[in-house]
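Working notes for the structure below.
The values are calculated or read from the model by the stated rules, or taken from the named source; none is laboratory data. In this text, all values refer to a predicted model and were calculated from it rather than measured experimentally. Note that we place each Cβ from the backbone using ideal geometry, even for glycine, and neighbour counts take in every protein chain shown. In case anyone asks, the SASA skips ligands and DNA or RNA and just uses the protein heavy atoms, side chains included. Shrake-Rupley method; radii C 1.70, N 1.55, O 1.52, S 1.80 Å.
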Amino acid sequence: PASFYLYRTEDAATEYPIEEQNWAVAAERADSLGVDICSVSLGYSTFDNAIFNHTYADMNGNNTIIAKAADVAAKKGMLIVVAAGNEGSGSWHYLISPADADSVMAVGAVGINGIVGGFSSYGPSSDGQIKPDVAAVGFLAIVANSSNGQPGYSNGTSFACPNMAGVVTCLWQAFTEFPPAIIKESLRASGTRYNNPNDRVGYGIPD
């Protein structure tokens, strides 16, 4: 049997750095409960008050509060799966934090045909890491309508992320003797672009 813990650390009405701190608290709580895998469909770049804004240079895995927290969570033994961001066709363009953290699995969005969603954030991280790590279906993904619960199409790396978190969970459940880093690397190694990664899907779509 599986146990699920759902944490909302995002304040939808505003965008302020305290939300990164909220996530750090939630991750600490999740660790205390024995959580193995976190599916993280959020990320940060700019804020309501520009004085707090991150820059692309900050997307190096070491600068933002949430990237630091995500790496600590990974070091505690959790596998952190993160949406790369939906900035690909916007002015920001690049991934958002904590997708830049070196110990997380950042996920870009493709359609069922493998075509990259134009909105999916570009890598690499500012320190040159291949990002996103992998890609999953998040372009014309079938999701529940937020108004009536009926299935419909929608776009977002926030849909690709839980798809990949499910794959990660199934693989790790089959090979519980391996640490998270090996599970993550195995999925990268099975990717369609493992020998030729790029800044859209990273190592590709895992097999």
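All but one of (1) open to solvent by less than 60 Å² (accessible area, probe 1.4 Å); (2) not in a helix (DSSP H, G or I) hold for Ala160, so report the exception by its number.
(2)
I need the full set of residues from the range 6-36 which are outside any loop (DSSP other than H, G, I, E, B) and either of a type in the set (S, T, N, Q) or within 17 Å of Thr46 (Cα to Cα) (or both), in order please.
Ile18, Glu19, Glu20, Gln21, Asn22, Trp23, Ser32 - these are the residues of the range 6-36 that are outside any loop (DSSP other than H, G, I, E, B) and either of a type in the set (S, T, N, Q) or within 17 Å of Thr46 (Cα to Cα) (or both).
Filter the range 170-186 down to residues that are closer than 29 Å to Ile115 by Cβ and open to solvent by 60 Å² or more (accessible area, probe 1.4 Å), then give me how many there are.
Adding up the residues that qualify gives 2.
Of all residues in the range 39-96, which are touching a His at 6+ places or on another chain (Cβ under 9 Å) and polar (S, T, N, Q)?
Within the range 39-96, Ser45, Thr46, Asn63, Thr64 meet the criteria.
Determine whether the range 123-140 contains at least one residue that is under 24 Å from Met59 (Cα atoms), surrounded by fewer than 18 Cβ atoms within 10 Å (Cβ to Cβ) and modelled with pLDDT under 95.
The answer is no; no qualifying residue exists.
Within the range 181-197, track down each residue that is more than 15 Å from Met105 (Cβ to Cβ) and either touching a residue at least 40 places away in the same chain (Cβ under 8 Å) or hydrophobic (A, V, I, L, M, F, W, C) (or both).
Thr192
Which of the residues that make up the range 48-58 are open to solvent by 60 Å² or more (accessible area, probe 1.4 Å) and not in a helix (DSSP H, G or I)?
Asp48, Asn49, Thr55, listed by residue number.
Mind counting the residues in the range 96-124 that are part of a loop (DSSP other than H, G, I, E, B), out of contact with any helix residue (DSSP H, G or I) (no Cβ under 9 Å at 6 or more places or on another chain) and closer than 14 Å to Arg200 by Cα?
Counting residues in the range 96-124 that are part of a loop (DSSP other than H, G, I, E, B), out of contact with any helix residue (DSSP H, G or I) (no Cβ under 9 Å at 6 or more places or on another chain) and closer than 14 Å to Arg200 by Cα gives 7.
Within 13 Å of the chain's Cα centre (by Cα), open to solvent by less than 30 Å² (accessible area, probe 1.4 Å) and either closer than 22 Å to Glu15 by Cβ or not hydrophobic (A, V, I, L, M, F, W, C) (or both), is that true of Gly117?
When the stated conditions are applied, Gly117 does not pass them.
I'm told Gly88 meets every condition in (1) in contact (Cβ under 8 Å) with a residue 24 or more places away in the chain; (2) assigned to a helix (DSSP H, G or I) except one. Can you identify the failing condition by its number?
Checking Gly88 against (1) in contact (Cβ under 8 Å) with a residue 24 or more places away in the chain; (2) assigned to a helix (DSSP H, G or I), the one that fails is (2).
For Ile18, indicate whether it is in contact (Cβ under 8 Å) with a residue 40 or more places away in the chain, over 19 Å from Asp133 (Cα atoms) and open to solvent by 60 Å² or more (accessible area, probe 1.4 Å).
no
For (1) crowded, with 18+ Cβ neighbours inside 10 Å; (2) over 20 Å from Gln21 (Cα atoms), each residue gets a yes or a no:
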| residue | (1), (2) |
| --- | --- |
| Thr46 | no, no |
| Asn60 | yes, no |
| Ala69 | yes, no |
| Lys75 | no, no |
| Ala84 | yes, no |
| His93 | no, yes |
| Ile96 | yes, no |
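Applying the selection to the range 146-180, what residues are in contact (Cβ under 8 Å) with a residue 40 or more places away in the chain and hydrophobic (A, V, I, L, M, F, W, C)?
Correct list: Phe159, Ala160, Cys161, Met164, Ala165, Val168, Trp172.
Being hydrophobic (A, V, I, L, M, F, W, C) and exposed (fewer than 14 other Cβ atoms within 10 Å of the Cβ) is the filter; apply it to the range 21-44 and report the residue that is nearest to the chain's Cα centre (by Cα).
If we take residues in the range 21-44 being hydrophobic (A, V, I, L, M, F, W, C) and exposed (fewer than 14 other Cβ atoms within 10 Å of the Cβ), then Val25 is nearest to the chain's Cα centre (by Cα).
Pull out all pairs, ordered by first then second residue, where Cβ-Cβ is under 8 Å, the residues are six or more apart or on different chains, the first lies in the range 29-45 and is closer than 10 Å to Tyr5 by Cα and touching a residue at least 24 places away in the same chain (Cβ under 8 Å), and the second is in a strand (DSSP E or B) and β-branched (Val, Ile, Thr).
Close Cβ pairs (under 8 Å, with a partner that is in a strand (DSSP E or B) and β-branched (Val, Ile, Thr)) amount to Cys38/Ile80; Cys38/Val81.
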